[in-house]
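What follows is a short report on a single structure.
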Amino acid sequence: MSKIKNIFQNSPISPLFIAESITKHSTKTEIGAHHIFLGQIRADKVENKTVKAIEYTSFEDLALTQMTAIREEIFAKYDITCMHIYHSLGVVNRGEICLFVFTSSKHRKEATLACNEVVERIKNELPIWGKEIFEDETHQWKINQ
Amino acid sequence: MATIKIISFGRLKEILGSDFEFDAENTNELLNQLNEKFTQLKDLKLRIAVNQKIILENTELKNSDVVALMPPYSGG
């Protein structure tokens, strides 16, 4: 298996970091298409309470091993130039970004398909848990749709 | 009988608390015993990993195995 790369950041993903990631690709002139997915914390309402943040935890070692296998499968399946993935751990407030997936390819179709598939697989296969914290400091455990 | 370490995550960690040691021969026996001890576990779906490998069937346990109990994932 290839080298294990970290995907976790102990903070929200900053828009500046996303912009810098895009900028770094300007020298890779074989790329003709980028596809970016950004997950943002939504202020869900449950009965009378509103989500103010999600606190993420993970079984990090297992998540990174799984992610490495997923990454290899995606590269084998799609003709993409590169793929970058960042997921937040800890508290991320509503309106902030918690997931950043960035795929690039020669033509748009491959980047789009690869990005969509990897987002689904991150949500379904990585041992990460979101605790939805309400404004009154009570919480419930997030369930992925 | 093996003495193993149990680690848990998310909602399961709220129920089971911090990591602890436990005696069990295999994963089925472990789950039965935990269900008796922690009745809130009953209705929870969980995934099990032994030494970071997800297992789908009953698995024999050895001394110092690390058994991870994981509720449904909710990343992203």
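The values are calculated or read from the model by the stated rules, or taken from the named source; none is laboratory data. Everything numeric in this text was worked out from a predicted model, so none of it was measured. Note that each Cβ is placed from the backbone with ideal geometry, even for glycine, and that neighbours are counted across all protein chains shown. For accessibility, only protein heavy atoms count, side chains too; no ligands or nucleic acids. Shrake-Rupley method; radii C 1.70, N 1.55, O 1.52, S 1.80 Å.
May I ask you to list the residues in the stretch A:75-96 that are free of Cβ contacts under 8 Å to residues at least 60 places away in the same chain and either in contact with a strand residue (DSSP E or B) (Cβ under 9 Å, 6 or more places away or on another chain) or open to solvent by less than 50 Å² (accessible area, probe 1.4 Å) (or both)?
Looking only at the stretch A:75-96, we keep the residues that are free of Cβ contacts under 8 Å to residues at least 60 places away in the same chain, and these are A:75-83, A:91, A:94-95.
Of everything in the stretch A:75-96, those that are free of Cβ contacts under 8 Å to residues at least 60 places away in the same chain and either in contact with a strand residue (DSSP E or B) (Cβ under 9 Å, 6 or more places away or on another chain) or open to solvent by less than 50 Å² (accessible area, probe 1.4 Å) (or both) turn out to be A:PHE75, A:TYR78, A:ASP79, A:ILE80, A:THR81, A:CYS82, A:MET83, A:VAL91, A:ARG94, A:GLY95.
Filter the stretch B:1-21 down to residues that are at the interface with another protein chain (Cβ under 10 Å from one of its Cβ atoms) and more than 12 Å from the chain's Cα centre (by Cα), then give me how many there are.
Taking the stretch B:1-21 as the starting set, the residues that turn out to be at the interface with another protein chain (Cβ under 10 Å from one of its Cβ atoms) are B:7-14.
Narrowing the set further to residues that are more than 12 Å from the chain's Cα centre (by Cα) leaves B:10-11, B:14.
Total satisfying the criteria: 3.
Can you run down the residue pairs with Cβ atoms below 7 Å, 6 or more apart or on separate chains, where the first is in the stretch A:43-71 and within 14 Å of chain B (Cβ to nearest Cβ) and the partner is in a helix (DSSP H, G or I)?
Every condition considered, the pairs that remain are A:THR57/B:GLY10; A:GLN66/A:GLU125; A:ILE70/A:VAL118; A:ILE70/A:ARG121; A:ILE70/A:GLU125.
Out of curiosity, is A:THR112 polar (S, T, N, Q), over 16 Å from A:PHE8 (Cα atoms) and in a helix (DSSP H, G or I)?
So A:THR112 fits the description; yes.
In the stretch A:24-54, what residues are within 29 Å of A:GLN140 (Cβ to Cβ) and acidic (Asp, Glu)? Before the answer, list the steps.
Of all residues in the stretch A:24-54, those within 29 Å of A:GLN140 (Cβ to Cβ) come to A:37-54.
Scanning the stretch A:24-54 gives A:ASP44, A:GLU47.
Which members of the stretch B:55-71 meet the condition of being within 18 Å of A:PHE59 (Cβ to Cβ) and not polar (S, T, N, Q)?
Once the filter is applied, which keeps residues that are within 18 Å of A:PHE59 (Cβ to Cβ) and not polar (S, T, N, Q), the stretch B:55-71 yields B:ILE55, B:LEU56, B:ASP65, B:VAL66, B:VAL67, B:ALA68, B:LEU69, B:MET70, B:PRO71.
Assuming B:MET70 fulfils every condition listed in (1) in contact (Cβ under 8 Å) with a residue 40 or more places away in the chain; (2) within 14 Å of another protein chain (Cβ to nearest Cβ); (3) open to solvent by 20 Å² or more (accessible area, probe 1.4 Å) apart from one, which condition is it?
(3)
Hey, could you check the stretch A:97-145 for residues that are open to solvent by 60 Å² or more (accessible area, probe 1.4 Å) and within 21 Å of A:ALA53 (Cβ to Cβ) and say which is nearest to the other protein chains (Cβ to nearest Cβ)?
A:ILE143
Please specify each residue of the stretch B:57-67 satisfying the condition of being more than 14 Å from chain A (Cβ to nearest Cβ) and touching a residue at least 24 places away in the same chain (Cβ under 8 Å).
Hits for the stretch B:57-67 are B:ASN58, B:THR59, B:GLU60, B:LEU61, B:LYS62, B:ASN63, B:SER64, B:ASP65.
Do any strands (runs of 3 or more DSSP E) entirely within the stretch A:1-104 hold 2 or more residues that are of a type in the set (Lys, Arg) and more than 19 Å from B:TYR73 (Cβ to Cβ), and if so, which?
A:49-58
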